[in-house]
Structures are given as C-alpha cells and as structure tokens.
Amino acid sequence: MPGAVPVRPSASPPGSARRRLRALTAASVAALLLPLLPATADAGGREPDSLQEAFARAADRYQVPESVLLGVSYLQSRWDGHRGAPSVSGGYGPMHLTDARTALAEDPHHSHGTEDARGDTARAVRQVHDAVPDPAALPARLRTLERAAELTGLDEEELRRDPAANVAGGAALLAAAQKELGLPLSDDPAQWYGAVARYPGSGDARAAGVFADEVFDVLREGERRTTDSGQRVVLEGAPDLAPDTAQLDGPDLRPASSGSDGPVECPRSVSCEWLPAPYEEYTNPDGSPNYGNHDKADRPASQKIDYIVVHDTEATWDTTLRLVRNPKYVSWHYSLRASDGHIAQHVPTRDVGWHAGNWYVNAKSIGLEHEGFLTAPDAWYTEAMYRTSARLVRYLAHRHGIPLDRQHIIGHDNVPGVTSANIPGMHTDPGPYWDWQHYFTLLGAPFHPTAAPDSELVTIRPDYEEHRPVYTRCDGSGQPCPPHGSGAVRLHTGPSADAPLVKDAGLRPGGGDSTTGVNDTGARASTGQRYAVAERRGEWTAIWYLGQKAWFHNPADAPTAVGSRGLVVTPREGVESVPVYGRAYPEASAYPEGIPAQAISPLPYKVEAGQAYALGLRTKGEYYYAKTFDPAGHVVVRGEEEYYQIQLGHRVAFVKAADVTVRPARR
C-alpha cells in the first residue's frame with residue numbers, strides 16, 4: 001500500500017509492567033473516582049466532578065498526559081458517554097472500552113429487512129444473513145473493557161456506565177501499552193505515539209499508524225465541544241507537537257500490506273487493504289449453474305457512477321470479511337472497521353456490487369459497509385470510522401465526479417424499492433442516529449442555509465445533539481429507546497405533536513399507521529434531505545411527502561430545517577397526477593433482440609397537481625443486463641426516456657421528465 005510504515009523489531013516489554021499495574025487495588029482506584037468536595041473550580045478552571053476533571057484525575061493517576069487521553073477519547077467517542085449504551089461494535093463510554101459479549105447478550109441480533117440485495121427482478125439473489133458473532137470467539141479488540149477491569153480493579157458494570165470510571169479504564173490501558181513497549185510514563189505527549197497506535201487493537205502497522213496520526217492531528221489542532229451529557233470539554237491545541245513515530249515498530253503489529261496485490265482505490269491518508277470478493281461459478285442444489293457474488297463491468301466507461309451508499313454490516317469485522325468472500329453471498333465495495341476506521345476493499349469500483357436492494361442503484365453506485373452488529377439501532381458509531389469513511393467518500397466523489405450532497409451520498413434507508421412488492425422489505429440502515437451533519441462537515445460540505453427561512457425549499461437540519469425524538473423498538477421490550485441525538489425529524493398529518501403520523505402506502509399497503517419504531521421510515525425526514533414546503537403555520541412547517549402534506553415542528557429559535565435554493569418538479573399543466581418509479585429503466589423499444597424488456601412498474605405513490613418535490617439528478621433510462629458469468633454477455637441498455645430523481649419521502653424516487661415541469665424554488 002502506498003505510504004505504508006516500515007516495521008522493525010523492538011525489545012520485548014518488561015514483565016514487571018503488567019504486574020505493577022495489577023497491583024493497584026480496587027480501593028485506591030475507587031478513591032480516584034470519589035466526588036471531590038463541593039468547593040470551587042481548580043486552578044485550570046475545571047469544575048469538580050466534571051468530565052474534564054475526570055480526564056485530569058485519570059491522567060494523573062496513571063501518569064498519562066491529559067492531552068493524550070483526551071485525544072484518544074475524541075477519536076473514539078468525541079467524549080460522549082451515550083448514557084452507557086454501546087457502540088455498533090460493542091464499545092462503551094468516552095474511551096470506547098469494548099465488551100461485545102455483554103452488548104450482544106443484552107441486545108439480540110437485528111435485521112433491517114428482507115430485501116434481495118441484488119435487486120434485479122430479472123435475476124433475484126436471495127441473501128441469508130445470520131451473522132451473529134459467537135461471543136466465545138470474540139477477538140481481544142472487542143474485549144478491552146475486560147482488561148481495563150483487570151488493570152483498575154473496577155467493576156465491569158461501572159466501567160460500562162460511569163464515564164469517570166470509563167476514562168480511568170482507558171488511561172490504564174494506555175499506561176499498560178506504554179510499559180509493555182518498554183517506554184517511560186513520560187509527561188511529554190510526543191512519547192506516547194506507540195501506545196496510542198495500539199489502543200484500538202488494530203494488529204496491523206498501517207492501521208495502527210493511521211489511527212495514531214489522526215489522534216495527534218487532533219492534539220495539534222485542539223478541539224472543544226459540549227458532550228451529549230451537557231459537559232463542556234476542551235483540548236487546547238499544540239501546533240508544534242511532533243510524535244516519535246518510530247515507536248510504531250514492534251513485533252506485535254503485522255507488517256502493513258503494500259496494496260500491490262490488488263486494485264486498491266483509497267486515499268493515501270487511510271489504512272486500506274485488498275480482500276477481494278470472489279467472482280466465481282457454482283452449482284445450485286437443483287444442479288443448475290449460478291455465479292456470484294458481484295458482476296463485472298467497466299464503469300465509468302460503461303455507466304456513470306451517480307451514488308455512494310452508506311450501510312452498516314450487521315456483523316463483526318471478522319464475520320463481515322468471511323461473508324463477503326463467499327461466492328454464494330452478496331457483495332459491496334468497501335468495509336470499514338469501527339475501532340480504528342481501517343478499510344478493506346472487496347470489489348473494484350468499475351464492477352457492480354450486490355448491496356442496495358435496487359439493481360438500478362447498484363449498477364450506478366459504490367457501496368460502503370460500516371462495521372456494526374448490535375440490535376440496538378440507537379447504538380453509535382466511532383469518530384475514527386466517521387473520519388475514515390469521510391476521507392474515502394471525498395476521494396471517491398472527486399474521482400468519479402459525484403456531488404457531495406444528499407441526492408448522491410445516500411443511506412441504504414434512502415434507496416427505493418424496485419417495485420411495490422419490494423418496499424416493505426427494504427433495509428433501514430444506517431438509521432436515525434447516523435450523524436449526517438457531522439459526516440458532511442467532515443466531507444467539507446456541511447449543510448448551511450442558502451435561502452431565506454421562508455423559502456419554498458428547505459433542507460432538513462436539526463441540531464443533532466439537542467434534537468431527541470422518542471423512538472421505540474430498539475430492543476424487544478417495547479419501551480422507548482434511550483434518549484439519543486438524532487438527525488431525523490418526525491412527520492405528522494397536522495401542525496401538532498398530537499396529530500397522527502403520516503402514512504406510507506408502500507410500507508403498509510393495508511393502510512396501517514406509521515409508528516415511532518426506530519426502523520420505521522414511513523414518517524421520517526433526514527438531515528440533508530431537501531423538500532418543497534406546502535404550508536406554514538406558526539412553529540410548524542408542512543412539506544410535500546409521499547403525495548401528502550407532512551408537518552414537522554420547526555420553531556424559528558431552534559429550527560429543524562433551513563432555507564435552500566434549488567429546483568423543484570411539479571406535474572405538467574393539465575395533468576392531475578404523475579406516477580413515480582423506483583428505478584429509471586429504458587422504454588421497451590430500447591432493448592435489443594435477445595434481452596427481455598424490463599417492466600417500468602409504478603410505485604403506490606403519486607405526485608398530485610399542486611404538489612412540488614425537490615429535484616435531484618437527471619438521467620436517461622438505463623438497464624445493466626448481467627445474467628451470465630461471462631461478462632461478454634453483459635449489455636448496458638440505454639433509452640431515450642428521461643427521468644428526474646426526486647425526494648419523494650424518506651427514500652428517493654423517479655418521475656418521467658415528460659410528466660413534469662421543472663422550475664426554481666421560490667425564495
């Protein structure tokens with residue numbers, strides 16, 4: 001891989017380090033965590049019992065520079081405690097101490113839907129996804145809380161639930177790593193590069209080094225923010241900090257792959273390896289031939305890549321890699337590891353992965369799977385993974401000319417069903433707790449107002465930390481999910497929180513009501529999505545959504561949407577309603593002989609006269625015919641029928657250009 005870090009052997013760590021740390025008694029560590037007397041702030045301005053003070057006390061107790069402790073925590077959680085809820089990879093608290101065994105025991109495995117990941121009605125590929133990790137076989141990377149308990153003498157439950165205890169556990173792990181490297185517990189942050197690199201348990205020199213580089217970038221730049229518990233935490237920058245990167249060398253880290261054994265397509269600033277998905281023939285149980293787990297293509301020469309689709313894996317890293325290398329399974333282009341943001345590429349971007357449940361979108365997209373295996377959809381994502389994912393998306397978007405907006409960078413939960421029958425089974429990841437505003441800020445394209453507050457077009461943009469709609473069904477209890485920041489707003493039939501939620505005729509063909517279920521997308525608009533305003537009343541705004549008015553609370557002093565410029569589509573004059581589609585396929589006359597014409601099936605929604613919807617991309621109908629193992633038989637069918645992508649509901653959809661009029665949104 002370009003930019004790989006050379007690895008040289010170093011001396012073995014002294015055996016006394018672990019013994020000294022284990023000698024700490026539970027009483028002495030408990031004393032560290034006892035509340036201070038309610039006096040005044042310390043000389044540094046820190047309030048007693050604050051999270052900032054907890055970092056200072058843990059740093060002092062374990063002789064780890066406070067800035068290093070803060071930097072590592074920021075890359076794991078941005079200092080949030082998440083009220084004891086685990087991350088998508090079983091990590092707890094500000095230091096992301098991992099205890100996947102407990103997380104899995106408390107939260108049964110989830111599934112976001114029953115879709116056919118290939119999404120081609122001409123060749124269905126059914127996916128069996130039972131990827132629950134075996135707790136007995138969990139790697140050390142997913143069990144760091146257990147070791148933190150060993151080192152500190154603290155109870156494991158306390159380490160999971162108490163942020164101050166969690167910070168102490170992280171400090172103990174860093175101190176132990178420093179001693180195992182044979183290095184002194186220095187007060188100079190530059191001398192902690194090796195321990196920081198080993199904190200997420202990467203096991204690979206390149207991944208460990210990239211994580212450490214990210215942490216030291218934070219140390220140089222500084223950070224400050226208010227956490228999810230209302231705590232103000234500050235890390236002052238040290239612009240001239242130059243860590244001792246030679247500390248990365250050691251026999252405990254595997255040599256970094258050069259990347260020369262495969263077509264790795266990643267920016268040089270990330271850790272990326274080539275683990276190819278197999279393109280192989282096999283035989284079905286009935287003796288018929290089959291192949292998997294993706295299709296060969298020649299993009300962008302054959303078809304333009306319009307989308308990058310964000311997923312979560314529903315499996316641990318090891319299970320994810322095993323599944324994607326199974327020719328009878330499905331595929332995606334990249335996987336990202338939670339603890340350190342390491343990337344594995346499986347399918348060249350020129351080829352088509354089977355990941356989005358919609359063949360039209362698959363043929364024109366790149367799929368990114370983010371490690372996450374917990375049932376609780378309120379589980380959170382690490383900052384390390386957000387940052388690496390953003391670097392990868394920025395690189396891919398630049399390379400393929402993909403705009404950095406929510407019409408092109410979409411979640412799996414924004415992909416439409418190809419037909420009405422497919423809608424109820426479509427997946428709902430990454431869910432309402434994925435922080436799209438933070439993600440786009442990392443992409444360098446944050447969502448800002450571009451028009452007056454009373455403009456016809458709005459971009460959904462609640463304050464993620466402050467906006468906490470109640471969700472249910474995060475587990476089997478039926479109780480509300482733990483309070484959590486969210487980038488999604490709830491939509492009602494009237495301008496009141498007591499009004500029923502809007503209905504989704506595709507999700508519930510029988511007319512059932514939308515719910516507050518965390519995986520129910522029927523009455524939800526998400527950060528970055530743009531909608532046309534239908535009406536305003538006081539603090540409430542109505543948008544056109546799935547063919548109806550959908551109201552959300554949007555007070556001027558705490559807006560959940562901001563004014564935007566852009567284009568909208570409306571039914572052309574004289575037309576009462578316009579059908580919408582889940583794919584932009586060519587007209588029947590465009591198909592050459594020997595390739596069956598694909599049906600253009602309307603979805604159970606309509607755009608009525610007088611309604612308007614935000615315009616996304618424009619495209620002519622295309623269908624990638626790929627039903628044979630030999631790619632010589634693959635054909636891109638192109639038509640003359642033009643389509644517009646619109647933000648119909650939570651998911652996008654397509655209308656025929658001939659059915660609508662395009663105009664600028666009123667400002």
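The values are calculated or read from the model by the stated rules, or taken from the named source; none is laboratory data. Predicted model, so just to flag it, every value in this text is computed and none were measured. So basically every Cβ, Gly included, is an ideal-geometry build from the backbone, and we count neighbours across all protein chains shown.
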Task: Residue satisfying condition, being surrounded by fewer than 17 Cβ atoms within 10 Å (Cβ to Cβ) and either touching a Pro at 6+ places or on another chain (Cβ under 6 Å) or in a loop (DSSP other than H, G, I, E, B) (or both), within set Arg663, Arg667, Arg638 - done: Arg667
TODO: Please verify whether the stretch 358-373 includes one or more residues that are in contact with an Asp or Glu (Cβ under 6 Å, 6 or more places away or on another chain) and β-branched (Val, Ile, Thr).
DONE: no
Task: Counted residues, the stretch 276-288 - those being exposed (fewer than 15 other Cβ atoms within 10 Å of the Cβ) and either without any contact (Cβ under 8 Å) to a residue 40 or more places away in the chain or assigned to a loop (DSSP other than H, G, I, E, B) (or both) - done: 6
- [ ] Can you confirm whether the stretch 485-504 contains a residue that is in contact (Cβ under 8 Å) with a residue 24 or more places away in the chain, assigned to a strand (DSSP E or B), of a type in the set (A, V, I, L, M) and not assigned by TED's automatic domain parsing to the domain that holds Ser365?
- [x] yes
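Yes/no per residue for (1) of a type in the set (A, V, I, L, M, F, W, C); (2) part of a helix (DSSP H, G or I); (3) assigned by TED's automatic domain parsing to the domain that holds Ala584; (4) at pLDDT 95 or above:
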| residue | (1), (2), (3), (4) |
| --- | --- |
| Asp318 | no, yes, no, no |
| Pro327 | no, no, no, no |
| Trp332 | yes, no, no, yes |
| Gly341 | no, no, no, yes |
| Ala344 | yes, no, no, yes |
| Arg350 | no, no, no, yes |
| Tyr360 | no, yes, no, yes |
| Leu368 | yes, no, no, yes |
| Thr388 | no, yes, no, yes |
Task: All positions within the stretch 388-397 that are buried (at least 22 other Cβ atoms within 10 Å of the Cβ) and either aromatic (Phe, Trp, Tyr) or closer than 16 Å to Gly372 by Cβ (or both) - done: Thr388, Ser389
Open item on the list: Given (1) within 24 Å of the chain's Cα centre (by Cα); (2) touching a residue at least 40 places away in the same chain (Cβ under 8 Å), identify the lone condition not met by Tyr291.
Closed with: (1)
Task: Cross-chain or 6+ apart pairs with Cβ under 8 Å, the stretch 321-347 first and over 18 Å from Glu265 (Cα atoms), then of a type in the set (Lys, Arg) and not in a strand (DSSP E or B) - done: Val330/Arg118; Ser339/Arg141
Task: Residues that are surrounded by fewer than 24 Cβ atoms within 10 Å (Cβ to Cβ) and in contact with an Asp or Glu (Cβ under 6 Å, 6 or more places away or on another chain), drawn from the stretch 313-343 - done: Trp317, Pro327
Task: Among the residues listed as Ala632, Ala597, the single one being outside the structural domain of Ala421 (by TED's automatic domain parsing) and part of a helix (DSSP H, G or I) - done: Ala632
Open item on the list: Name the single residue that is farthest from Glu180 (Cα to Cα) among those in the stretch 194-213 being of a type in the set (D, E, K, R) and buried (at least 24 other Cβ atoms within 10 Å of the Cβ).
Closed with: Arg206
Open item on the list: Condition check: farther than 26 Å from Gln598 by Cα, in contact (Cβ under 8 Å) with a residue 40 or more places away in the chain and not hydroxyl-bearing (Ser, Thr, Tyr). Does Arg387 satisfy that?
Closed with: yes
TODO: Kindly check whether there is at least one residue in the stretch 555-564 that is free of Cβ contacts under 8 Å to residues at least 24 places away in the same chain and over 30 Å from the mean Cα position of the chain (by Cα).
DONE: no
Task: Filter result for the condition that a residue is part of a loop (DSSP other than H, G, I, E, B), closer than 16 Å to Gly649 by Cβ, over 24 Å from the mean Cα position of the chain (by Cα) and free of Cβ contacts under 8 Å to residues at least 12 places away in the same chain, over Gly512, Gly478 - done: Gly512
